[in-house]
Each structure stands twice: as C-alpha cells, then as structure tokens.
Amino acid sequence: MTFPSASHGAPVASSRRWLTLTTVALAQLMVVLDSTVVNIALPSAQADLGFSNGDRQWIVTAYSLAFGSLLLLGGRLSDLIGRKRTFIIGLIGFAVASALGGAADSFGLLVAARALQGAFGALLAPTALAVLTTTFTIPKERARAFGVFGAIAGAGGAIGLLLGGFLTQNLDWRWNLYINVVIAVFAVIGTIIFVNPIKREGPRPKLDVPGTVLVSGALFGLVYGFSNAETEGWDSALTWGMLAGAVVLLVTFVLWQRRATHPLLPLSIVLDRNRGAAYSSILIAGAGMFAIFLFVTYYLQVTLQYSPIQTGLSFLPMIGMLVLAAQLGTNLLVPRFGPKIMVPFGMSLATIGMIYLTHLGLSSTYAADVLPPLMILGAAMGSIMPAAMQTATLGVDREFAGVASAMVNTSQQVGGSIGTALLNTLAATAATGYIASHSPLTAVVAREAAVHSYATAYWWGAGFFAFGAVLAALLFRRRSQGLSLSHAPAADAAATPEAVAV
C-alpha cells in the first residue's frame, strides 16, 4: 500500500478536537440508541395507538430500511457538501423526525417518522465517523478517539435497553423519541462551536447518480429480504426475490464502479486487504452481537422475570468492561500488536462468551451464570470494534472519508439484519422441535423450549465469531506487511483514490 507524502498541507490537529469528539460521540450515541431504545417502548406504543402484532414490525423495519439503504449516499453527501454542514443537517433532521414520531397519533405517522429518522440517521452516522477521521490526525490521539467511538458503537444497544426501560416505565413511551431532540440540541450547539469546516481543494466532485441508485436498491433489498425472512419465513417468495434482486443490483453496482468517472465508492477502498478485513469483521460482529442483546433480553425478562429497568441494568457491567477494553486496546494493545492480533483475539473471546451463555437454564442466576459471559463479551467487543473501525478508515483519501466511514455503518447494519433473520429463524425452529419431542405441552415444557431456542442462537452466534476469528487472522496483514496503526500518516488532502490502492 502506498501513501502520498504529507507535504501538501497535511491537516493540523485541531486544538478543540476533544470537544469535537464529545459532540460526535453524542450524535453517534443518538443513532445507535434508536436501534434498541424504541423496541422497549413498542408494547406501550401498540396499546396506545392500537396497531396489530403484524404491523408492529414496521416500527423497527421502517427505520432499518431507510437507514441501511441510504448509508452510502449519506456518506458521499458529506464528502460533497462538507462534513460540518451535513452533520448539522443530519442532527436537525433526526431531531425533527424524532419529535414527529413522539407526537404521532396514528400508526401511519409513527412509521413515517421512523423512516425519516432512518434517512437522517444514514446522513448522520457516516458523517460522524468521517469528522472523527479527519479531525484526529496524530496516530496516538486517533487511537484514543476511536477507542471512545468504538466503545459507544458497541455499548449503544445495551444503553438503549436501559434508557428505554427507564423512560417507558417512569415517563411515557413517547419519550423514547423525544429524548433525541434533547441530545440533538446539545450536539448542534457543539458542532457549530467546535467542529472545524474543511476547505475543499480543487473542483467539486460530482455525485455518481447511477451508482447511488444501484447500491441503495441493493441495500434496500438485502435489509428488506432478511427482515421479511424473520417475519414470513425462508419459504417466502418475497424474501428470496428481494435477496436475489439485491445480489443482481450489487453485481451491477460493482461493474459500474469500475468504469464510472466519479465513482460513489472507489473499489480501491474496499479491495484494500486490511480495510476489507475490517469491514468483514464489523459485519460478523454485528451479526453475532444480535444474539447477545435480543436473546439475553428475552431470557432475563421472560425466564427470570426481570423488569425492563432491571434488564437494562443487567447489561451495565458488560458496558463497563467494553469501555475499559476499548481504552486499553486502543491506547496500549492495538499500537503494539495491530488488528491482526487484536481482532482475532476479540472474536475468540466472543466465541467463549457465547458458548458460556448456552449453559443458561431455568434455575440459573444472574451473578453466577449471566454476569460472567456478559463481562467476557464486553471485553471481546472492546477488542474488536475500535481496532476494526480505525483500520476501516485508515489511509483513505480525505475526499472519500465519508463514504469509507459509511461502509462501517453499512457493515454493521447488514450484519445485524443477517443476524436478526438467521438467528430468529433458527431459534424458532429449535423451539418448535423441542416442543414436538416433549409432549404434552405444559408451562414448564414451554419455558424449557424457550431456553433451548436461546441456546441454539448462542451456539450459532459462537459459530459466527469463530468464523470471524479465522477470517480476520487470515486477512489482516502482519505489521511488517501493512501500515502500522500507531505510525500511520494521515491521508493527504491532495491524495488520489489510486494512492491508497494496494
């Protein structure tokens, strides 16, 4: 991999960069929270607005469809119209959509507001990471900043469960949406004061409209196909039709990017071996993490009869371990060992944690049986996410920092969609099989079937992480072959896409 020299006016580190990190972290937390915080509020919202169980899924799906399909467009727009401007637009739009959803008096308006949230989230999430990428140019500080950002990305889901439980139980389900307005106000003020605009050098690049349409359609098909498989099953013609259409559009998109004058996603970004390994690791971690949050939440609430707030509090030790591991990893371990050691180590640790969870039963206790694997999994995600996220944007030309950052979010979103569909289907099949072989059906058999289905999901989650460990170990370069994370020069403003090719 070759990089241009930093002699063409490499960016000077901003004196307000840590306040910029705080602002970016607020925005990232808001986006990540919304993927789980609303789930806790769904029963209350359903009772209030009177929509059916069949319609309920669209409160979640509307957000994920808009978010997942528009991520690359959002990342590229931040490259074209400026990070600071895009960031402010995304924050204000997300806040307005959240307020609209909180005030919704009908199912249709709530779904529309959630879709609008997803669209502005797709603008906001990659821009937040791009701002971080272009603000922190000193390698040691960059590692520290990505440690914080990676910790938030990994812990946001659990924080959402805690916050959602508190707001729903003590205030009203609508505050799960209104809370975003409060966060966004502080984030907008911070952005105006602390985020420095970056002056563009040379002519303004053009938007790749055909590429945007192709990849947005492909991502929509992927997310919708897996979401439909979760609810309608794998024998649904619509499921396979959407997934097949997504593959066709994705192949067409790649072919178009090879000849486009102004490509949306230069293939050199994803074909770089280290970055490709990082995106793959984030996707696999996203798929595996789904099993932790969804099935452990069900186990705590249904089997152990925890309240929503108790369930959220149960994840706090995991969050603490994740933050600790992220900071230790990015400040001490990643600079010393690199992602080739840290990411497979984290994946292996996650495999152990998932296998540990398979032993949960009807008589298990939190302290002895739930807490230890959650702590292990927190340490695992703290080892995986910061190292992978930092590598995914390392050395990318500043002109394409937004779209490279969007690939991080896209990988997480697609991984989560795959995990949702596959693990839910496998768990449901396992529960059905258990009940069929343990007739007659009693309350105890039903509870045992549920725990058995969770264990099936944990085993498959362990398989995801084990595969991720092997893949990361094979794909990431050794330190002598690639670019050291601790001594990486910042990408230069005058760099070309070819300059970062392998």
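The values are calculated or read from the model by the stated rules, or taken from the named source; none is laboratory data. All values reported here derive from a predicted model rather than from experimental measurement. Positions of Cβ are backbone-derived with ideal geometry, glycine not excepted, and every protein chain shown enters the neighbour counts.
In this structure, does LEU271 turn out to be touching a Ser or Thr at 6+ places or on another chain (Cβ under 7 Å), outside the structural domain of PHE220 (by TED's automatic domain parsing), closer than 27 Å to PRO344 by Cβ and in contact (Cβ under 8 Å) with a residue 12 or more places away in the chain?
no
Applying the selection to segment 222-254, what residues are of a type in the set (S, T, N, Q) and either surrounded by 17 or more Cβ atoms within 10 Å (Cβ to Cβ) or more than 19 Å from GLN413 (Cα to Cα) (or both)?
SER227, ASN228, SER236, THR239, THR252
Read through the list (1) under 27 Å from PHE476 (Cβ atoms); (2) surrounded by fewer than 23 Cβ atoms within 10 Å (Cβ to Cβ); (3) among the hydroxyl-bearing types (Ser, Thr, Tyr), then give the number of the only condition that SER363 fails.
The number of the failed condition is (1).
May I ask you to say which residue of VAL96, VAL24 is modelled with pLDDT of 80 or more, farther than 14 Å from GLY118 by Cα and within 23 Å of the chain's Cα centre (by Cα)?
Just one listed residue meets the conditions, VAL24.
Just one of the numbered conditions (1) out of contact with any Ser or Thr (no Cβ under 7 Å at 6 or more places or on another chain); (2) over 19 Å from PRO126 (Cβ atoms) is not true of GLY416; which one?
Answer for GLY416: the failing condition is (2).
If you go through segment 1-21 one residue at a time, how many are at pLDDT 75 or above and among the aliphatic types (A, V, I, L, M)?
Here the count works out to 2.
Please note which helices (runs of 4 or more DSSP H) are completely contained in segment 320-393 and include at least 3 residues that are at pLDDT 85 or above and among the hydroxyl-bearing types (Ser, Thr, Tyr).
339-357
Just one of VAL444, VAL408 is of a type outside the set (D, E, K, R) and modelled with pLDDT of 85 or more; which is it?
Criteria check complete, one pass: VAL444.
For segment 280-312, name all the residues that are among the hydroxyl-bearing types (Ser, Thr, Tyr), surrounded by fewer than 24 Cβ atoms within 10 Å (Cβ to Cβ) and within 30 Å of LEU72 (Cα to Cα).
Result: SER280, single match.
Just one of the numbered conditions (1) touching a residue at least 40 places away in the same chain (Cβ under 8 Å); (2) farther than 11 Å from ALA122 by Cα; (3) surrounded by 19 or more Cβ atoms within 10 Å (Cβ to Cβ) is not true of GLY50; which one?
Status for GLY50: all satisfied but (3).
From (1) closer than 30 Å to PRO308 by Cα; (2) at pLDDT 75 or above, pick out the condition that doesn't hold for PHE149.
PHE149 satisfies all of (1) closer than 30 Å to PRO308 by Cα; (2) at pLDDT 75 or above except (2).
Just wondering, is there one or more residues in segment 66-75 that are assigned by TED's automatic domain parsing to the domain that holds PHE400 and in a loop (DSSP other than H, G, I, E, B)?
Scanning segment 66-75 turns up no residue that is assigned by TED's automatic domain parsing to the domain that holds PHE400 and in a loop (DSSP other than H, G, I, E, B).
Of the residues that make up segment 110-117, is at least one without any contact (Cβ under 8 Å) to a residue 40 or more places away in the chain, surrounded by fewer than 24 Cβ atoms within 10 Å (Cβ to Cβ) and not in a loop (DSSP other than H, G, I, E, B)?
No, that holds for no residue.
Go through (1) under 24 Å from the mean Cα position of the chain (by Cα); (2) buried (at least 19 other Cβ atoms within 10 Å of the Cβ) for GLN257 and report which single condition fails.
Condition (1) is where GLN257 drops out.
Output the qualifying pairs, or none if there are none: Cβ atoms under 6 angstrom, residues six or more apart or on different chains, first residue in segment 237-249 and in a helix (DSSP H, G or I), second residue of a type outside the set (Gly, Ala, Ser).
LEU238/ASN228; THR239/ASN228; MET242/TYR224; ALA246/LEU222; LEU249/LEU214
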